[in-house]
Amino acid sequence: AQVRNAMTVHNHSGGRAGGCTTFDPYKFQDKDFDRNTINILNGDFRAGAIAVKIWKNIGMDLKMPSGQYVMPDNPVFEPIYKDIEAHNKTMIAHLAEPDTCWESFAQMGPMNPDYNYYKQNPYWHFYGRKDVPSKAEILKARDHLLEMNPHLRVVGAHLGSMETNVDEIAKRFDRYPNFNVDTAARIVYLMKQPREKMRAFLIKYQDGICSGTDGGIRQAK
């Protein structure tokens, strides 16, 4: 229903609004998972979808029967990535979380922009947990995905979850020409970094940075 609603907005926008679709990764063990997923995505592409989003549940929630976490570079997803590339569509990848996901509330402090989110969503707060992947492991898998798919256009949502140090983003831009990031929900982290460093970064890599917001659009009553 969400995809249909998005495509309705897209089709009535006069080209001003694009639509993004997604797929259900929890079906990854189903027979013909890749084929069925590709068929659904191709139908969405025909309806006007211009992008596909994968979410943080890959790497942070999805598990094998053994209990091992399924990472974004798992081979089960590779045919899907290749199909997105073949249709010249973009993949939006919200993978991992801010560093604060792995920090205590005392470390964050109540003024931290993520404090209330993790208070209200404790399931996604990984502080002190030994049974979950580290942020570094998730981003390493994301980078491997980029390496395996050099022609797949990927936008790392929320500054690619590398919000605290633009040097890390710059390294990926230099290494993976197909990689971009958006600024949604992470502008405050850019504001906290040295002004001249930020200015130089934004000028040098301006073609790889998409403006964005994490706010919703609601119909007025």
Residues in region 56-93 that a label on residue 140 would reach, taking backbone N under 17 Å of a point 7 Å out along Cα→Cβ: 59-60, 68-75
Sequence of 171, 56 from largest to smallest accessible area, 1.4 Å probe: 171, 56
Proximal lysines relative to residue 82, as straight alpha-carbon distance under 22 Å, when same-chain residues fewer than 8 apart are discounted: 27, 31, 53, 56, 140
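Based on the alpha carbons, how large is the Rg to Rh ratio for the chain when Rh follows Kirkwood?
Details: Rg = 18.0 Å, Rh = 18.7 Å.
Radius of gyration over Kirkwood radius for the chain works out to 0.96.
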Region 184-198 - phi-based ³J(HN,Hα) in whole Hz, Karplus 6.51/-1.76/1.60, Gly and Pro as x: 3, 6, 10, 4, 4, 6, 5, 5, 7, 9, x, 4, 5, 4, 5
Surrounding net charge for residue 79, when Lys and Arg each add one and Asp and Glu each subtract one, Cβ distance under 13 Å: -3
Amide H within-cut-off set for residue 132, under 5 Å, with H built and near neighbours excluded: none
Under the Karplus curve 6.51 cos²θ - 1.76 cosθ + 1.60, θ = phi - 60°, whole-Hz ³J(HN,Hα) for region 132-140, x wherever Gly or Pro sits: 10, x, 7, 4, 4, 5, 5, 5, 4
Equivalent-ellipsoid semi-axes of region 1-125, from the Cα gyration tensor, Å, largest first: 30, 22, 11
The chain: calculated mean residue ellipticity at 222 nm from DSSP helix runs of at least 4, using -39500 (n - 2.57): -11000 deg cm²/dmol
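Using a 1.4 angstrom probe on the protein heavy atoms only, could you order 153, 186, 195, 175 from most to least accessible area?
195, 175, 153, 186
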³J(HN,Hα) computed for each position of region 200-216 - Karplus, 6.51 cos²θ - 1.76 cosθ + 1.60, integer Hz, glycine/proline x: 5, 5, 5, 6, 5, 10, 4, 6, x, 10, 9, 5, x, 9, 9, x, x
Carbon + sulfur, % of accessible area of the chain - ligands and nucleic acids excluded, 1.4 Å: 52
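The values are calculated or read from the model by the stated rules, or taken from the named source; none is laboratory data. Note that the coordinates shown come from a computational prediction; the quantities given were computed from them, not determined experimentally. We place every Cβ from the backbone using ideal geometry, glycine too, and count neighbours over all the protein chains shown. Keep in mind that these areas ignore ligands, DNA and RNA; they rest on the heavy atoms of the full protein, side chains included. Shrake-Rupley method; radii C 1.70, N 1.55, O 1.52, S 1.80 Å.
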